[in-house]
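The values are calculated or read from the model by the stated rules, or taken from the named source; none is laboratory data. Model, not experiment: these values are computed from the prediction. All Cβ positions, glycine included, derive from the backbone under ideal geometry; neighbour counts span all protein chains shown.
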Amino acid sequence: MFVLDYFPTMSIYIKQSKRCLGFQLLAIVFLMIMDETEAVDAGNFKRCDQSAFCQRQRNFKPEISPYVTNIDSLRKIDNSHFALDITNTQNNKAFVLDLFALEDSTLRLKINEAQPIAERYEVPNTIEDVKAQNMIAVPNLKNGSIVFHLGDNTNIQAVISCSPFRLDIYDEKEPVFSVNSRNLMHIEHLRQKPVPKPHEEKTKPEEPENPDEEQAEQGENEEEDKQEEQEPQEEEKEESDPDDQPGMWEETFKTHTDSKPRGPESIGLDTSFVNFAHVYGIPEHADKMALKSTVGSEPYRLYNLDVFEYELDSRAALYGSIPFMIGHNSKRTVGLLWLNAAETWVDVDSTEDNKGVLGTLFGYFAGEEAVPEVNVHWMSESGVIDVYFMLGRNPADVMRQYTKLTGTPYMPPMWATTYHQSRWNYKDEQDVKTVDAGFDEHDIPYDCLWLDIEHTDGKRYFTWDTLKFPDPVQMQNALAAKGRKMVTIIDPHIKVDTNYHIYREAQNKGYFIKNKDGSEFKGWCWPGDSAYLDLTLPEVRDWWASQFVPEVYKGSTLNLFTWNDMNEPSVFNGPEITMHKDIIHGAGWEHRHVHNLYGILLQMSTVKGQLARSQGNERPFVLSRAFYIGTQKYGAIWTGDNTAEWGHLAASVPMLLSIGLCGIAHSGADVGGFFKNPDPEMLSRWYQAAAYQPFFRAHAHIDTSRREPWLYDDKYRDIIRAAIRERYELLPYWYTLFFQAHKSGEPPMRPLWYEFPADVSTFDKDDSHMVGTALLVQPVSKPNTQVTSVYLPGATGWFDVKTYQYYPSPNTVSISTPLDKIAVLQRGGTIVPRKMRVRRCSALMTHDPYTLFVAVSPQGTAVGQLYMDDGHTFGFQNLKYNYKNLLFQNNVLISKSANPDASWDSDAWLERVVFMGVSRPTKIEMTVDGQVHPLEFSYESTTRVLTVRKPGVKMQKDWSIAIQ
Amino acid sequence: MICKYLFLTFILHIDLYDASQMVQVDRPRGVSLTKKVLYDPAKEFTCFDGSQTIQFQFVNDDYCDCNDGSDEPGTSACPNGSFHCTNAGYRPQNIPSSRVNDGICDCCDGTDEWKTPTACANTCMELRRAALEENKKKMEESSKGFALRQEYAKTGQAKKLERQEKVKELQQELAQIQLLEDTLKTEKEAIEIQETAAIDEHKRIAEEKQQKIAHEENLRKGAEAFSEMDVDKDGSLTIPELLSHPELDPDTSDGIFTEEEALTILQAGSVDMAVFMDTVWGAINETFRTNIPPPMEEQEAPAEDQIQDGSEQEREADRELLEEPEEEDQDQDEEDEDSDEEYDDEHEYDEDGEYHEPPVLRKETDTSNSGEPYDEITQNLVNQANEARSKFQEAQTKKKNLENEVESLNKALELDFGPDEGYQALQFQCFELLTMEYKYKLCPYDKATQSPKNGGSETVLGRWGSWSGPPENIYAKMMYENGITCWNGPARSTEVVIRCGMEHKLLSVDEPSRCAYKYEFATPCACTQVDPNALPRDEL
């Protein structure tokens, strides 16, 4: 759902009471204003030059970094942790550097003020308990550097140069990361607000109170002078006091003034990815997957915002923020996490200039060829410098390292990985019943029906509009009888109404965010005047979690799950449609310090609430719009309020790829587009694309026409049904991928380069993607596309999953994509499990038999995995699962438990094996429990497809099938 | 790959198996009696699509061999298969194979969950009882409704006939009135020529008279002026005498009336009355002001002239009205069509559809410019002309009304009141439904509306468009279109689903998609004849 700012907010209110006489005229006036507005009003959101700290950091360009350290200050804190002192030579401010060696090729660099006048914010709840590894430090007095050697990863070295300070990280003696080599490190120390000067003295600079400050002032003055020389067009500043630059102590954007009681405290740092031309990540932006140079344009912005009708090809901030970046070249993949929760801007500068990092590196000769590098400039409004370096070296290593640090993705219940039906709004119980019946009547599977804000009593979450939903328990039970679930929306803004139990209780307990004067902060959101829970306080999160048990959340059942929307948080009348930065949270931190955490705290608390209602037995499901580092631990996200346009369909791929590379395994985009009405062709193509995206939900704005698949001509309905059924057939594969993500952080939906890291031509590719290791998918995102040109990487060939046609690779091929088909190919050398008996919903398929699709490589091999469990409990944590390794080589297909101790009893059996790319066999035999018996088969010589009939073995057993 | 499953729909004429007649027949699971012959255990099985022939033991062995799913009628193995349940006592059913052994009881006899036979209770007899009851009720309703429908049909047909006859009758009348109108028009125009000539002559005489009076008046005033200025009464006007009237100063800029100036006026040292009247008075009659206070009447005279001019204009306007009544009427008509539908209450037609002529100005006994009454002859002509105009106008009005009547009858005749004219009963009626928030209204063949329950203005949700049911029964739905446009959306529209009921009744209102409303409306007009043979064989 959306917000544009003041007027649309009004119009939303009016729209909802549109049939009330009194409002009608007013509404017409506002609607006329609205009609002018096509898309996002960029003026509602800041550019870098409208954000004082971004300007200060971006303008900080010293020729030589003022930050120095010295070898004498080196001290070993413990076996994996060293510290150094750093001084800003311009103002003699002291800082402390901490370098940590963490397990699995990971380093952490932290720099904080030595003695800040107040504590600087450090992000809580985000970094997991990770093991350390030993590190030794070898100072080199000659060149004033210290070399750090890692105990477990001996290829990796970190070198700190003292004057000026810089850090270079090497892997196998090749530089990988370089920090402050561009001299952009800049930490604004906390300071006292200068006393306002009497007016007559303004022309004369005030005498400094102590020499330190004098020096500092001079330093800053010199700095400014330099800048002015460099940029003569810049207006001459009247104020020369470094403590009183514009926007340091107060800043106004549109009608909102941000009082800054703590003054400036921003941080900036340059980190170079040496020998890399491609970096990815830092979602959420409606942009390409490969990050672009921001030189001469806006930096990427990370600040969770509710953006009305967002535009494509933009680096503007959206609903989520993850300051994690991956660098990739044909040899190496590395990751870098900038741990910060405040507003952050990121400049990216790709260069082929060998005068970059390498040109300034001690003892390293790059040779004569130019080496690319990507220089990244991180700028955050507050906090400390806290950077994690992950050395890879392949994509899966980086994902493992990153999710070790920030948590692996949650294990979704099976039903959550299927198809979801949503719209704003399914109006009443009859509507729910009719839509549910429609799916059965048209034999289209779905697992979950969603209720948006209109289901509540006046947008009071945890309540029901009892006229429209008189018996929600019965409604949920009716769906649950068929194995289906429901989701209700629960947002963090709480209607100001003392008769509303949630508001009353939270108010009594003082759980709402307060204004500077201690009064309750009130903002506008869906219910009108709303208070916002202070989720930074653990007791508030616990209280929130306690609201989800059915005894408290009246009308809920264990089959009801949750959707957390508007949790950026969205404040219709706030600056940039969010909360005022100078609002104080309970623990004393301003909203500016914690902003990007707000959304994840809500999702985390909601998950806790769902866990509580089943005493921790049942897996929760919570969808969130806002996200942050670690969101993957809690649930799914979606890309917010997109639009029914081909461009948005295309953009869903790069957006979800970026999000996946930052750890969030379960993500999706509203199928069909939230705003506007998709034509049936676009909707069909969208379903075909989204069936291969991790979170698969159709959703639509209240003003759009109804979109249930059977409302279209049979032709389109059948295409949509086929797309959804395809998802259901592939559930065993998806579920295995989600399990693998849960174990090691690998995103189910991943870029081509992830699977083909040495193939340079895939590095920019974001119109196609992989699902797991086996499937390459290229959605159609243009009308009337009869043929799609598809690049097929790797040397093992590909099989069209529909026609079994074989395509040798690497190659670019033309694949026929009439309306009922998109390009989906299975890679030679892989095994994909499916369930061909698609039922009404996934719960009814639990014990159904499997079909294995074995795409044999030119070398005659194939590998795959299959994960099975009950689909909804945490039993898998107690070895109640089956995880089979599937291997085909030497004409024998072997299924073997990866963990023989694990076992989950299931009647599911092996129904069929389809081998692609094999010769006609003479005999096929199966071996189970030492018994050998022959199997029937059929062979299609034109496609070289062998179908083995009914092996019949229980899937959880170990077995083998030999082809002769 | 996906085939359409055959679902038996709940229709009025349901045919229930009689349990007592049921005989268990040995056939593969999930196969209907009619298809039993295709599954012969003694032979190999050929897929229905002929694509393959397989050993019979592969039938229902829980593995899909046929592309069309025909080898697995009793299992869930084929994605496109279908399972037949007998549902003894109730309606047999074909369900998708994917619903076999999925843990949900789809068939009332529970046979779809054969793997866990205890999972599903047999509910067929219960359903049978309920269905029979429902059937009975529906049949009763239907037959009563149908009886009503026949009455409505009778009325509708009679009404149609009546309308058709009326149209014929009115058209004859119209032809006559047209003749009369033509005659009256000719008569009117003839007398108007005479009238105009007479009035013009009257005007001319009056004007001449007027001019004469004015001339005499001027001479009188000149003489009076002479004698007033001839202060010494010597019958001769001198320069000094003239100078006593400063208003005569030809050059008022210097403020001095000199002797030279006076000389230019008199053109001599002195003039007598005759010379004065000939040469001087004409030059000064405009500027001369008497020093003797004038009588009141003379001062007001110019004002009176203006009033007369005004009334002349009005009269001419009146004449235009009289001469061009037809154009006026046409304008009126066009406006009517633009503004609203034919049968709108607020129209200038009254309930009988009678057209009311706006008030017409008539030329009564008139006066000429000078206020002089017409002479007798002219007045007679005017009277005759007025009468001719009046008669012509009467004829026109009558014709207009007839035409309107015909038009409205034709429009009514154009409306589709169903195959038997039964829906005519709904015309000019409105039906309301109150919900929690709104009052919904359906005025068939007119509009659908919504208004807040607690008062407030009415929103038109659509105006009569057409019957919009499927080709096999277009009378199943009505469409009302082009209602008030929604914000950010389309014009509101309303689909009315019609079903059989014992009375006209608006049953429910829904807004499935924003601004697209759906009414459910019951009427006997939709009831069909109950086939007595379709009655359940078993009355329980």
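Answer yes or no as to whether B:Glu133 is buried (at least 20 other Cβ atoms within 10 Å of the Cβ) and of a type outside the set (Gly, Ala, Ser). Spelling it out, it is not the case that B:Glu133 is buried (at least 20 other Cβ atoms within 10 Å of the Cβ) and of a type outside the set (Gly, Ala, Ser). Would a scan of region A:63-72 turn up a residue that is part of a helix (DSSP H, G or I) and either at negative phi or hydroxyl-bearing (Ser, Thr, Tyr) (or both)? For region A:63-72, residues part of a helix (DSSP H, G or I) and either at negative phi or hydroxyl-bearing (Ser, Thr, Tyr) (or both): present. If the requirement is being within 13 Å of another protein chain (Cβ to nearest Cβ) and among the β-branched types (Val, Ile, Thr), which of these qualifies: A:Thr846, A:Thr817? Criteria check complete, one pass: A:Thr846.
Conditions tested, residue by residue: (1) away from every other protein chain (no Cβ under 14 Å); (2) over 24 Å from A:Arg625 (Cβ atoms); (3) not hydroxyl-bearing (Ser, Thr, Tyr).
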site: A:Arg484; (1), (2), (3): no, no, yes
site: A:Lys495; (1), (2), (3): yes, no, yes
site: A:Thr498; (1), (2), (3): yes, yes, no
site: A:Ser530; (1), (2), (3): yes, no, no
site: A:Asp542; (1), (2), (3): yes, no, yes
site: A:Gln547; (1), (2), (3): yes, no, yes
site: A:Trp563; (1), (2), (3): yes, no, yes
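Taking the criterion of being among the small types (Gly, Ala, Ser) and more than 31 Å from the chain's Cα centre (by Cα), the residues of region A:782-807 that qualify are A:Ala795, A:Gly797.
Take B:Phe276 and tell me if it is aromatic (Phe, Trp, Tyr) and touching a Phe, Trp or Tyr at 6+ places or on another chain (Cβ under 9 Å).
Details: aromatic (Phe, Trp, Tyr): yes; touching a Phe, Trp or Tyr at 6+ places or on another chain (Cβ under 9 Å): yes.
Here the answer is yes, as B:Phe276 does meet what is asked.
Scanning region B:36-77 for residues that are touching a Phe, Trp or Tyr at 6+ places or on another chain (Cβ under 9 Å) and hydrophobic (A, V, I, L, M, F, W, C) yields B:Leu38, B:Ala42, B:Phe45, B:Ile54, B:Phe56, B:Phe58, B:Val59, B:Cys66, B:Ala77. In region A:421-431 there is at least one residue matching the filter, namely being within 23 Å of A:Asp641 (Cα to Cα), touching a residue at least 12 places away in the same chain (Cβ under 8 Å) and more than 14 Å from chain B (Cβ to nearest Cβ).
If we scan region A:936-956, do we find a residue that is in contact with a Ser or Thr (Cβ under 8 Å, 6 or more places away or on another chain), crowded, with 16+ Cβ neighbours inside 10 Å, of a type in the set (A, V, I, L, M, F, W, C) and without any contact (Cβ under 8 Å) to a residue 24 or more places away in the chain? Among the residues of region A:936-956, at least one is in contact with a Ser or Thr (Cβ under 8 Å, 6 or more places away or on another chain), crowded, with 16+ Cβ neighbours inside 10 Å, of a type in the set (A, V, I, L, M, F, W, C) and without any contact (Cβ under 8 Å) to a residue 24 or more places away in the chain, which makes the answer yes.
Each row is one residue, and each column tells you yes or no for (1) surrounded by 20 or more Cβ atoms within 10 Å (Cβ to Cβ); (2) modelled with pLDDT under 95; (3) not in a helix (DSSP H, G or I).
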residue: A:Lys18; (1), (2), (3): no, yes, yes
residue: A:Cys54; (1), (2), (3): yes, no, no
residue: A:Phe95; (1), (2), (3): yes, no, yes
residue: A:Glu122; (1), (2), (3): no, no, yes
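Mind listing whichever residues of region A:894-928 are of a type outside the set (A, V, I, L, M, F, W, C) and either in contact (Cβ under 8 Å) with a residue 60 or more places away in the chain or within 14 Å of chain B (Cβ to nearest Cβ) (or both)? Hits for region A:894-928 are A:Ser895, A:Lys896, A:Ser897, A:Ser906, A:Asp907, A:Glu911, A:Arg912, A:Gly917. Restricting attention to region B:487-509 and to residues that are among the charged types (D, E, K, R) and surrounded by fewer than 18 Cβ atoms within 10 Å (Cβ to Cβ), the residue that is nearest to the other protein chains (Cβ to nearest Cβ) turns out to be B:Arg499. Against the condition surrounded by fewer than 22 Cβ atoms within 10 Å (Cβ to Cβ), of a type outside the set (S, T, N, Q) and either touching a helix residue (DSSP H, G or I) at 6+ places or on another chain (Cβ under 7 Å) or in a loop (DSSP other than H, G, I, E, B) (or both), how does A:Lys782 come out, does it pass? For A:Lys782, the condition - surrounded by fewer than 22 Cβ atoms within 10 Å (Cβ to Cβ), of a type outside the set (S, T, N, Q) and either touching a helix residue (DSSP H, G or I) at 6+ places or on another chain (Cβ under 7 Å) or in a loop (DSSP other than H, G, I, E, B) (or both) - is met.
Considering only residues in region B:421-452 that are of a type in the set (Ser, Thr, Tyr) and under 17 Å from B:Lys160 (Cβ atoms), the one that is nearest to the other protein chains (Cβ to nearest Cβ) turns out to be B:Tyr445. Determine if region A:476-493 includes at least one residue that is in contact with a strand residue (DSSP E or B) (Cβ under 8 Å, 6 or more places away or on another chain) and closer than 23 Å to A:Asp582 by Cβ. Yes, region A:476-493 contains at least one residue that is in contact with a strand residue (DSSP E or B) (Cβ under 8 Å, 6 or more places away or on another chain) and closer than 23 Å to A:Asp582 by Cβ.
Each residue in region A:453-498 was checked for being closer than 26 Å to A:Trp415 by Cα, assigned to a loop (DSSP other than H, G, I, E, B) and small (Gly, Ala, Ser), and 2 of them qualify. When region A:67-89 is filtered for residues that are surrounded by fewer than 19 Cβ atoms within 10 Å (Cβ to Cβ) and out of contact with any Phe, Trp or Tyr (no Cβ under 8 Å at 6 or more places or on another chain), the ones remaining, listed by number, are A:Asn70, A:Ile71, A:Asp72, A:Ser73, A:Ile77, A:Asp78, A:Asn79, A:Ala83.
Answer yes or no as to whether B:Lys477 is among the charged types (D, E, K, R), over 19 Å from B:Lys439 (Cβ atoms) and touching an Asp or Glu at 6+ places or on another chain (Cβ under 8 Å). Break it down into steps so the answer makes sense when it comes.
Details: among the charged types (D, E, K, R): yes; over 19 Å from B:Lys439 (Cβ atoms): yes; touching an Asp or Glu at 6+ places or on another chain (Cβ under 8 Å): yes.
Answer is yes for this residue.
I want to confirm something. Restricting to region A:256-293 and keeping residues that are touching a Pro at 6+ places or on another chain (Cβ under 8 Å) and part of a loop (DSSP other than H, G, I, E, B), which single residue is farthest from A:Trp638 (Cα to Cα)? The qualifying residue farthest from A:Trp638 (Cα to Cα) is A:Asn275. Residues of region A:546-572 that are assigned to a strand (DSSP E or B) and either within 14 Å of A:Leu533 (Cβ to Cβ) or basic (Lys, Arg) (or both): A:Asn564 alone.
When region A:509-525 is filtered for residues that are in a strand (DSSP E or B) and touching a helix residue (DSSP H, G or I) at 6+ places or on another chain (Cβ under 9 Å), the ones remaining, listed by number, are A:Phe512, A:Glu520, A:Trp524, A:Cys525. For beta carbons closer than 6 Å, sequence separation of 6+ or different chains, a first residue in region A:149-161 that is in contact (Cβ under 8 Å) with a residue 12 or more places away in the chain and a second that is among the aromatic types (Phe, Trp, Tyr) and surrounded by 15 or more Cβ atoms within 10 Å (Cβ to Cβ), the qualifying pairs are A:Gln157/A:Tyr170; A:Ala158/A:Phe148. Scan region B:79-115 for residues that are part of a loop (DSSP other than H, G, I, E, B) and more than 9 Å from chain A (Cβ to nearest Cβ) and report the count. Residues meeting the conditions: 19. Of all residues in region B:2-61, those satisfying the criterion of being within 13 Å of another protein chain (Cβ to nearest Cβ) and at pLDDT below 90 are B:Ile2, B:Cys3, B:Lys4, B:Tyr5, B:Leu6, B:Phe7, B:Leu8, B:Thr9, B:Phe10.
All conditions in (1) among the β-branched types (Val, Ile, Thr); (2) buried (at least 17 other Cβ atoms within 10 Å of the Cβ); (3) part of a loop (DSSP other than H, G, I, E, B) hold for B:Thr118, with the sole exception of (2). Of the residues making up region A:821-843, those that are away from every other protein chain (no Cβ under 13 Å) and aliphatic (A, V, I, L, M) are A:Ile822, A:Ala823, A:Val824, A:Leu825, A:Ile831, A:Val832. Which residue pairs have Cβ atoms under 7 Å apart, sit 6 or more places apart or on different chains, and have a first residue in region A:440-463 that is away from chain B (no Cβ under 14 Å) and a second that is buried (at least 22 other Cβ atoms within 10 Å of the Cβ) and of a type in the set (Asp, Glu)? Within 7 Å, the pairs are A:Tyr461/A:Asp491.
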